[in-house]
Amino acid sequence: MASNQDTLVTVFGGSGFLGRHVVRALAKREYRIRVAVRRPELAGHLQPLGRVGQIHAVQANVRYPASVEAAMRDSLLAINLVGILTESGEQTFQAVQAVGAGTIAKAARAAGANLVHVSAIGAAAQSASRYARAKAAGEQAVLAATPDATIMRPSVVFGPEDEFTNRFAALARMAPALPLIGGGLTRLQPVYVGDVATAVADAADGKAKPGGIYELGGPEVLTMREIMETILAITERKRMLLSLPFGLARLQAAFLQFAPGAMKLTPDQVELLRADNVVSDAAKAAGLTLQGLGITPDSLEAIAPQYLWRFRAAGQFQRKSA
């Protein structure tokens, strides 16, 4: 029987936050990995995750089908992690997360390869969010081209270098108060990036149901207020939490969408917060969850202190030096 060492996996978007964890998980399982990214010269940080020659980066852009087809050559499995949180120039939600997803699925079909596609909880064709609509369109395109593809829908993903907990911890360092959009009542189910990567690797191993749509959430459902309070507790900072109605938040986002770093907030992100982002009862009943794959998810409270400590340490150092 062929071992994983004989299996070439092409990981699209493998140099990003989730990507590095997926590449690590696949490398531990002895797969040969081709990382397809727009700028392979910036993917050197992935090399130490595997043995010599196991991980190789190539250039591919989901907006150019020929580059995607070239990246799929000789691969038996494709993993699509490509996604954006904000739009920039030609990198739009529709181009990347809808049309691009279909391009990867078609290339996988042409190569006779299986496909694992990472989408997001909240993907919905009728959503007010363009991000969520594009995610839904991407799922439709994937299943139209490769009906046996496995789709993974994580809730908000946290971990080192994430753009979620680190963002709010950075805001708490610089601002005397933190906004709670919509009163902070939106419910989320934060999921650890390592658990998502394990689920993707399990799907690569054939442990997931072909054509299944898995919803990946952590062990707790938390409101945005509870998440902010957890981050403040971990970083040992006291900040006011101010309720911000959706209408006012959208008005502010019209200006803050051009802000740099942690201050950035887009109108589309405000729309996303109008809907809860949790694992559905239907997914639980069907076993299409982390638990259904035999994975016990880690909590935000257990993992976040391992990397958010730097915000606390920096703050303590500044206070002592003042």
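Couple of notes before you dig in:
- The criterion of being modelled with pLDDT under 95, open to solvent by 10 Å² or more (accessible area, probe 1.4 Å) and not small (G, A, S) holds for V52.
- Out of P260, P267, P219, one residue alone is without any contact (Cβ under 8 Å) to a residue 24 or more places away in the chain and either open to solvent by less than 40 Å² (accessible area, probe 1.4 Å) or in contact with a Pro (Cβ under 6 Å, 6 or more places away or on another chain) (or both). It is P267.
- When the test is whether a residue is at pLDDT 95 or above, out of contact with any helix residue (DSSP H, G or I) (no Cβ under 7 Å at 6 or more places or on another chain) and of a type outside the set (S, T, Y), E215 does not pass it.
- In region 270-283, the residues that are touching a residue at least 60 places away in the same chain (Cβ under 8 Å) and of a type outside the set (S, T, N, Q): V270, E271, L272, L273, R274, A275, D276, V278, V279, A283
- One residue stands out among those in region 169-182 that are at pLDDT below 95 and open to solvent by 10 Å² or more (accessible area, probe 1.4 Å): the one that is nearest to T266 (Cα to Cα), which is P179.
- Residue that is nearest to the chain's Cα centre (by Cα) [pool: residues in region 6-23 that are open to solvent by less than 20 Å² (accessible area, probe 1.4 Å) and over 13 Å from D74 (Cβ atoms)]: G19
- The one condition in (1) surrounded by 21 or more Cβ atoms within 10 Å (Cβ to Cβ); (2) not in a helix (DSSP H, G or I) that P160 fails to fulfil: (1)
- Selected residue (criterion: surrounded by the fewest Cβ atoms within 10 Å (Cβ to Cβ)) from residues of region 76-95 that are farther than 10 Å from Y131 by Cα and at pLDDT 95 or above: A95
- So K238, is it of a type outside the set (S, T, N, Q) and in contact (Cβ under 8 Å) with a residue 60 or more places away in the chain: no
- Hits in region 169-201 - residues which are under 17 Å from the mean Cα position of the chain (by Cα) and either part of a loop (DSSP other than H, G, I, E, B) or not hydroxyl-bearing (S, T, Y) (or both): L188, Q189, P190, V191, V193, G194, D195, V196, A197, A199, V200, A201
- Residues (assigned to a helix (DSSP H, G or I) and surrounded by 15 or more Cβ atoms within 10 Å (Cβ to Cβ)) located in region 29-46: P40, L46
- Flag for R24 being among the basic types (K, R), closer than 25 Å to D162 by Cα and not in a strand (DSSP E or B): yes
- Residue within region 98-106 that is in contact (Cβ under 8 Å) with a residue 12 or more places away in the chain and of a type in the set (S, T, N, Q) present: yes
- Subset of region 4-31 [over 23 Å from S67 (Cα atoms) and polar (S, T, N, Q)]: N4, Q5
- In region 45-68, the residues that are within 20 Å of A111 (Cβ to Cβ) reach residues that are open to solvent by less than 80 Å² (accessible area, probe 1.4 Å) and part of a loop (DSSP other than H, G, I, E, B) with C-beta atoms within less than 7 angstrom, at least six apart or across chains, in these pairs: A57/A43; V62/V82; S67/A60; S67/N61; V68/A60; V68/V62.
- Output for region 98-142, where each listed residue is among the basic types (K, R) and within 16 Å of I213 (Cα to Cα): K135
- L26 meets all of the listed conditions (1) farther than 20 Å from Q97 by Cβ; (2) surrounded by fewer than 21 Cβ atoms within 10 Å (Cβ to Cβ) but one, namely (2).
- Among the residues of region 129-157, those that are in a helix (DSSP H, G or I) and touching a Gly at 6+ places or on another chain (Cβ under 8 Å) comprise A132, K135, G138, A141, V142, L143, A144, A145.
- Condition check for A66: more than 17 Å from the chain's Cα centre (by Cα) and within 28 Å of A144 (Cα to Cα): yes
- Residue that is nearest to V221 (Cα to Cα) [pool: residues in region 183-207 that are open to solvent by 20 Å² or more (accessible area, probe 1.4 Å) and among the charged types (D, E, K, R)]: R187
The values are calculated or read from the model by the stated rules, or taken from the named source; none is laboratory data. Small disclaimer: the values here were computed from a predicted structure and weren't measured. Methodologically, a virtual Cβ is constructed for each residue, glycine included, from the backbone with ideal geometry; neighbour enumeration extends over all protein chains shown. Quick note on the areas: whole protein, heavy atoms, side chains included, nothing else; ligands and nucleic acids left out. Shrake-Rupley method; radii C 1.70, N 1.55, O 1.52, S 1.80 Å.
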